[in-house]
Amino acid sequence: MKRAVLLAALAFLPLLGGCDNAPWDDDSERVETAREFPPADRPVAPITSTKWSTEEARDRVNEAEDVMDSANVRPGMTVADIGAGDGYYTVRLAQRVGASGRVLAQDIMPEVIERLADRVARERLDNVSLKLGAVDDPRLPAASFDRVFMVHMYHEIGEPYAFLWRLRPALRGGGQVLVVDGDRSIAEHGTPFRLLVCEFEAVGYKLLSYDDKQHAGGYLARFVPDGKRPDPDKITVCDNP
């Protein structure tokens, strides 16, 4: 039954152009696909939970609304929620962009995508599609997104240089990548802000703005493409502070 619900949710994927209908991709060759990119000189936080906090607690401090306001998310936009987990931002982004907009919820765990598919169907979120990503590739369709959100998950990306490099073509003109994370060590499930900026700049982004969002667990950083992407073998690895 759950498989049927998942496939029903995935039926919306063609509306996002390059999205495919093969959510159960085998990631066993992930190391091979990232081999041309340098490994990060830092640890990777384990995925310990799909929830950062309860949705009720997050709504009490108006987290999602404030972050979406800061990101200037408007009706009709196409946005991606990377590391969507249980769908806290997915649901609220779907409401914000409305029937004329689209949301692609992505995660690297098939069981998480399956649970989220149940929620999408239950809440009748007809403008939401689902996608199984990989630790080194978000697998997003090219030139499709006005905003890409990565909330409390950047420190869990196993191959940040490959991931960010492959993410960039998914942005439309004027598109932005938004990261919400804590300015603390990766061992404490955060990303030091200086390290975050360095890794983004290493693959061809620039920082657009920084906002203190302690009620959201740390900071909101907005990035936009800047110049040409460097060749993978020309990427300079950042030092972990």
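The range 196-241: Rg/Rh from Cα coordinates, Kirkwood Rh?
Rounded to two decimals, Rg over Rh is 1.06.
When 1/r is averaged over all different Cα pairs and the result inverted, which Kirkwood radius in Å belongs to the range 81-236?
15.9
Check cross-link reach from residue 206 to the aspartates and glutamates: straight Cα distance under 15 Å, and skip same-chain residues fewer than eight apart.
226
Which FRET efficiency, nearest 0.05, do residue 122 and residue 209 yield, Cβ-Cβ r, R0 30 Å?
My answer for the efficiency is 0.25.
What FRET efficiency would be calculated for the residue pair residue 72, residue 35, taking the C-beta separation as r and a Förster radius of 35 Å, to the nearest 0.05?
0.40
In the range 111-159, what percent of the accessible surface is made up of carbon and sulfur (1.4 Å probe, ligands and nucleic acids excluded)?
42
For the residue pair residue 65 and residue 44, what label-to-label distance in nm results when each label sits 7 Å from Cα along the Cα-to-beta-carbon direction?
Here the answer is 3.7 nm between the modelled labels.
Counting heavy atoms of the protein chains only and a 1.4 Å probe, report the per residue accessible area for the range 108-199 as a whole number of Å².
32
Tell me, what is the FRET efficiency for residue 198 and residue 56 to the nearest 0.05, using R0 = 41 angstrom and their Cβ-Cβ distance as r?
Between residue 198 and residue 56 the formula returns 0.70.
Run the dipole for the range 86-241 about the Cα centre, Lys and Arg Cβ at +1, Asp and Glu Cβ at -1, nothing else charged, and hand back the magnitude in debye, nearest 20.
Using Cβ point charges on Lys, Arg, Asp and Glu, the range 86-241 gives about 680 debye.
Local charge sum around residue 207 (other residues, Cβ-Cβ under 13 Å, Lys/Arg +1, Asp/Glu -1)?
-1
Give me the net charge for the shell around residue 103: Cβ to Cβ below 14 angstrom, other residues only, Lys and Arg +1, Asp and Glu -1.
+3
The values are calculated or read from the model by the stated rules, or taken from the named source; none is laboratory data. Everything quoted here is computed from the prediction, not taken from an experiment. Cβ: placed from backbone, ideal geometry, glycine included. Neighbour counts: every protein chain shown. Each accessible area value is taken on the protein alone, full model and side chains, heavy atoms only, with ligands, DNA and RNA left out. Shrake-Rupley method; radii C 1.70, N 1.55, O 1.52, S 1.80 Å.
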